[in-house]
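K.L.:
Would you mind keeping the following structure in view while I ask a few things?
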Amino acid sequence: MHFLKTQLVIDALSRYIQHHIILIGTTSRKMNEVILALITSQLAATPFDFNIKYLYSEQYTGQDIRHDHLVILDTPIRIQHLLQQSPHLLDDFCIIELDSLTTEDSLQLLKSTRHELERYHQVLITEESIEYAHALAHHYLGNDKIDFDNALAIIDSAAARAKKLTATVTNYLVAEVVSDWTQIPLTHLQSNKFKAVQFAQELQRHIHGQEIAISMISDILQRAYLKLIENPGPLANFLLVGATGTQKSEIACQIAKELFGHEHAFIRVNSSYDSKALIDAVKKIPYAVLLFENIEKIPNNILLTLAELFSTAYFHHTIVIMTTTLSSDLITSISTKKTASASPMDLIELILNKNINNPVINDSSSISTHEILEKIMPVLTQHLPNQFLHSLHVIPFLPLDQTALEQIIHEKLLAFTKRIHALFDIELTYAREIIKFIALYALRDGHNTDSIDKLFDHYIATAVANELVLRLENKNSPKRLLLQLHELGQSLCCVSIPEVSS
């Protein structure tokens with residue numbers, strides 16, 4: 001490992017004058033112990049007989065430096081403080097600055113502890129399990145400077161478990177330890193590398209019409225997991241901007257499931273925003289998505305307090321998602337094109353004519369994210385503190401187009417038919433035109449999921465409820481129902497499907 005600069009250490013220790021060493025590094029104390037052990041083993045292979053005494057900077061108290069070879073290893077800040085107190089050390093000590101450790105250096109140091117841990121626990125530790133522990137530590141348990149410490153603790157714990165079981169540390173035992181520490185299911189730990197493309201695809205299966213937002217979020221998370229930029233706060237901070245009912249809250253819940261594997265990783269923070277309660281929640285579930293809704297209603301001083309709170313170590317593994325409807329009208333005006341409103345009598349023609357253009361088109365392929373952000377940022381800065389906004393990734397959410405609305409309606413209908421079957425043992429089917437009917441009305445009413453919910457209750461739930469009441473009064477009624485358009489195309493009706501006699 002070149003960062004150790006072993007030859008320079010040997011040269012310095014072999015000299016008659018200035019044969020004491022100050023090693024400067026940025027490693028942890030646990031890693032320092034391994035580094036010193038490696039240096040000792042390498043020096044043992046040389047023909048020199050060094051009588052070395054290892055110290056940390058605070059342990060140096062002006063020892064007799066005439067006979068022993070002293071080696072002080074510490075961080076730049078601690079060494080600087082020591083030299084300020086004892087500048088004469090430069091007369092007798094040679095300063096050697098260790099190179100920054102690469103990921104491979106950290107892994108090799110971890111492997112060097114293998115035999116000592118095997119002897120202590122009386123187990124076999126495979127090289128593969130060491131590499132796996134190091135990868136999981138890097139991905140899930142902190143920043144680059146403590147990957148080694150965390151990985152060492154993982155292997156140590158896995159070895160303790162192996163002693164009671166198979167006497168061999170396996171990847172499964174390593175993952176089990178990390179799962180217990182992080183509360184992330186084992187299945188999610190099997191693939192510990194974030195893959196933006198697959199992540200985006202999974203989100204798009206549940207969140208419709210927000211391809212731009214999903215792409216932006218995926219790219220930001222990819223950079224965060226690769227740790228390209230040092231960030232003292234949460235893994236990522238998002239501000240989702242858009243109208244009510246554009247699936248901002250839904251995507252927060254889905255991100256928690258995709259990244260951390262369970263619904264408990266999604267924490268919806270209530271309006272009290274108690275700092276102690278937040279910290280306690282994150283201590284209990286350190287890998288979580290925190291959702292703060294409608295932050296335009298939160299006083300600016302509290303927003304700044306939250307921003308300061310998030311910079312603490314408690315939130316290092318969390319993803320913070322905030323939502324706002326500020327400037328949503330600007331997003332709507334940029335992203336939608338409206339033609340003349342269709343009258344109720346036109347709906348049946350639109351529904352039955354597959355070739356006619358949609359009355360409202362959200363052409364996201366031609367929308368520039370830069371253009372949207374350029375328009376909405378002045379509004380956001382007018383209402384929210386600049387210092388607070390600076391820590392957030394602003395993600396615009398577009399109004400839902402017809403395709404997205406139809407996908408959402410289709411999923412709601414599937415869930416609704418399952419509920420009817422579970423409650424009443426009735427098979428409910430529906431004509432395809434029902435989806436387009438609700439979607440077209442939703443487009444005219446607001447382009448969002450709130451419109452769908454209201455229309456769903458008004459048309460579908462009402463029609464089915466009326467037919468269910470009639471059926472419950474007559475036990476001989478058919479067990480199959482069909483939702484379809486009324487003859488005039490202005491409403492829905494639910495009719496019984498007669499049983500086919502055998």
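K.L.:
How many of the residues in the range 461-500 are farther than 18 Å from Asp425 by Cα and either at pLDDT 85 or above or assigned to a helix (DSSP H, G or I) (or both)?
P.N.:
The qualifying residues number 5.
K.L.:
Moving to a separate point now. Among the residues in the range 158-181, are any touching a residue at least 60 places away in the same chain (Cβ under 8 Å) and within 27 Å of Lys284 (Cα to Cα)?
P.N.:
Within the range 158-181, none of the residues are touching a residue at least 60 places away in the same chain (Cβ under 8 Å) and within 27 Å of Lys284 (Cα to Cα).
K.L.:
Where the second residue is part of a loop (DSSP other than H, G, I, E, B) and of a type outside the set (Gly, Ala, Ser) and the first is touching a residue at least 60 places away in the same chain (Cβ under 8 Å) and over 17 Å from Leu226 (Cβ atoms) and lies in the range 97-110, which pairs have Cβ atoms under 7 Å and are six or more apart or on separate chains?
P.N.:
Sorted first by the residue in the range 97-110, then by its partner, the pairs are Leu98/Lys5; Ser100/Thr26; Leu101/Thr27; Asp105/Met1; Gln108/Met1.
K.L.:
Looking at the range 405-450, which of its residues are of a type in the set (Val, Ile, Thr) and touching a strand residue (DSSP E or B) at 6+ places or on another chain (Cβ under 7 Å)?
P.N.:
Result: Thr417, Ile420, Ile426, Thr429, Ile434.
K.L.:
Just to check your reading of the model, which residue among Leu23, Leu82, Leu55, Leu110 is open to solvent by less than 60 Å² (accessible area, probe 1.4 Å), under 44 Å from the mean Cα position of the chain (by Cα) and closer than 20 Å to Asp147 by Cβ?
P.N.:
Just one listed residue meets the conditions, Leu110.
K.L.:
Next up: Would you confirm whether or not the range 415-428 contains a residue that is at pLDDT below 90 and aromatic (Phe, Trp, Tyr)?
P.N.:
For the range 415-428, residues at pLDDT below 90 and aromatic (Phe, Trp, Tyr): present.
K.L.:
Which residue pairs have Cβ atoms closer than 9 Å, lie 6 or more positions apart in sequence or on different chains, and pair a first residue in the range 72-88 that is under 11 Å from Tyr60 (Cα atoms) with a second residue that is among the small types (Gly, Ala, Ser) and exposed (fewer than 14 other Cβ atoms within 10 Å of the Cβ)?
P.N.:
From the range 72-88, the pairs are Ser86/Gly62.
K.L.:
Could you count how many residues in the range 28-55 are at pLDDT below 80, outside any helix (DSSP H, G or I) and touching a Ser or Thr at 6+ places or on another chain (Cβ under 8 Å)?
P.N.:
Number satisfying all stated conditions: 1.
K.L.:
Within the range 9-20, restricting attention to residues that are open to solvent by less than 60 Å² (accessible area, probe 1.4 Å) and within 22 Å of Gln80 (Cβ to Cβ), which residue is modelled with the highest pLDDT? Even if it seems obvious, please write down each step before you answer.
P.N.:
First, pick out the residues of the range 9-20 that are open to solvent by less than 60 Å² (accessible area, probe 1.4 Å): 9-10, 12-14, 19-20.
Applying the additional criterion that residues be within 22 Å of Gln80 (Cβ to Cβ) yields 9, 12, 20.
Working: Val9: 81, Ala12: 83, His20: 87.
Here the answer is His20.
K.L.:
Another question, then. Within the range 280-314, how many residues turn out to be within 20 Å of Tyr140 (Cβ to Cβ), in contact with a helix residue (DSSP H, G or I) (Cβ under 7 Å, 6 or more places away or on another chain), at pLDDT 90 or above and not small (Gly, Ala, Ser)?
P.N.:
Adding up the residues that qualify gives 1.
K.L.:
With respect to Asp274, determine if the residue is closer than 24 Å to Gln183 by Cβ, surrounded by fewer than 18 Cβ atoms within 10 Å (Cβ to Cβ) and free of Cβ contacts under 8 Å to residues at least 60 places away in the same chain.
P.N.:
yes
K.L.:
Regarding the range 424-445, can at least one residue be identified that is under 19 Å from Glu296 (Cβ atoms), of a type outside the set (Val, Ile, Thr), open to solvent by 20 Å² or more (accessible area, probe 1.4 Å) and in a helix (DSSP H, G or I)?
P.N.:
Step one: list which residues in the range 424-445 are under 19 Å from Glu296 (Cβ atoms), which gives none.
No, the conditions are met nowhere in the range 424-445.
K.L.:
A follow-up question, please. Mind checking which residues of the range 376-392 are touching a residue at least 40 places away in the same chain (Cβ under 8 Å) and surrounded by fewer than 16 Cβ atoms within 10 Å (Cβ to Cβ)?
P.N.:
Scanning the range 376-392 gives His383, Pro385, Gln387.
K.L.:
Tell me, please, whether a residue that is in contact with a Gly (Cβ under 7 Å, 6 or more places away or on another chain), open to solvent by less than 40 Å² (accessible area, probe 1.4 Å) and closer than 19 Å to Gly245 by Cα can be found in the range 403-418.
P.N.:
Taking every residue of the range 403-418 in turn, at least one turns out to be in contact with a Gly (Cβ under 7 Å, 6 or more places away or on another chain), open to solvent by less than 40 Å² (accessible area, probe 1.4 Å) and closer than 19 Å to Gly245 by Cα.
K.L.:
Would it be correct to say that Thr166 is β-branched (Val, Ile, Thr), out of contact with any Cys (no Cβ under 6 Å at 6 or more places or on another chain) and open to solvent by 20 Å² or more (accessible area, probe 1.4 Å)? Explain how you work it out, then say what you get.
P.N.:
Numbers: β-branched (Val, Ile, Thr): yes; out of contact with any Cys (no Cβ under 6 Å at 6 or more places or on another chain): yes; open to solvent by 20 Å² or more (accessible area, probe 1.4 Å): yes.
When the stated conditions are applied, Thr166 passes them.
The values are calculated or read from the model by the stated rules, or taken from the named source; none is laboratory data. Model, not experiment: these values are computed from the prediction. In this analysis, Cβ positions are derived from the backbone assuming ideal geometry, glycine residues included, and neighbour counts consider all displayed protein chains. Side chains included, ligands, DNA and RNA excluded: accessible areas come from the protein's heavy atoms. Shrake-Rupley method; radii C 1.70, N 1.55, O 1.52, S 1.80 Å.
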